[in-house]
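Derivation of every value follows stated rules applied to the coordinates shown; laboratory data play no part. Owing to the predicted nature of the structure, the values given are computational and were not obtained by experimental measurement. Cβ placement follows ideal geometry from the backbone for every residue including glycine, while neighbour counts extend to all protein chains displayed.
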Amino acid sequence: MINPSRKYQAVIFDLFGTLVDGYSREGYYSALSEMVSILKAPKDEFIKLWMDTAKRRVIGGFPSLIANLEYICGELKVPVTKRQLDLARWIRYDFVALALAPRPYAIETLSRLKTDGLKIGLVSNCSVEPPVIWPRTLFAPFFDVTVFSSVAGLQKPDPKIYLLAIEELGVTPQDCLYIGDGDDNELTGAAVVGMHPVLICAAPEESAEAVRSVPKIDDYECPRITSLQEVLNLLK
């Protein structure tokens, strides 16, 4: 639980469903359909293999998106050219880049945290695209540490991925708030290492149209907020 008398030193955020909206189901499958069309692959079989390789993507099992696409096309025995792979890659990158638009109050909240002297970290389960795009986002200047699962080779709720961020920030787990939308049992994972988890329940993530990695939100009992600016209230 949040201790109102404690002076926290750091805030670690989840990315999707927290700082940005989760991938919309419509946009996600629209991008996949465009990729399928360019690669001239059988749609249903391609999407099945795309989903089957999701966990491998998230823990860095493919060194690049093109490597993932080459693997799928190889399994389907679909010959592809470098140009086809490049075009398919950019469709996916464009989709992810658009998805990294800040939620309301995200930048204002990060700016205030920075001004108040708190350290700011990110721990995200994601494929290879967000780490590449991240330096060009509006978020990048505010973060002291970023830990992406596809780079670290670990994913939430593995305690080691949280501890990586904590160690790099130079703080103790007890000095950290962890803000997330509850995907991947991330709140329980944060609590296990001694952090103070907070569930953000923002409206877009209440929709069944969001693509989630698991069907059920982590039900760890912790404080709840409905917008990012409420993070500041927890630190007063």
Inset, instruction - Having 2 or more residues that are in contact with a Leu (Cβ under 8 Å, 6 or more places away or on another chain) is the bar; report the helices (runs of 4 or more DSSP H) wholly within the range 8-83 that clear it. - result: 25-39, 43-52, 65-75
Legend entry - Residues (basic (K, R) and on the phi > 0 side of the Ramachandran plot) located in the range 14-51: K40
Legend entry - the range 72-96 - residue that is of a type in the set (F, W, Y) and out of contact with any Asp or Glu (no Cβ under 6 Å at 6 or more places or on another chain) and, of those, farthest from Y23 (Cα to Cα): W90
Inset, instruction - Output the residues belonging to the range 54-83 that are touching a Cys at 6+ places or on another chain (Cβ under 8 Å) and within 20 Å of S124 (Cα to Cα). - result: V58
Legend entry - Hits in the range 108-121 (condition: surrounded by fewer than 17 Cβ atoms within 10 Å (Cβ to Cβ), of a type outside the set (G, A, S) and assigned to a helix (DSSP H, G or I)): E108, R112, K114, T115
Inset, instruction - For the range 165-196, enumerate the residues that are free of Cβ contacts under 8 Å to residues at least 60 places away in the same chain, farther than 10 Å from A10 by Cα and over 16 Å from the mean Cα position of the chain (by Cα). - result: E167, E168, T188, A191, V192, V193, G194
Legend entry - Candidate set: the range 62-119, residues that are among the aromatic types (F, W, Y) and touching a residue at least 24 places away in the same chain (Cβ under 8 Å); chosen: the one nearest to Y28 (Cα to Cα): F95
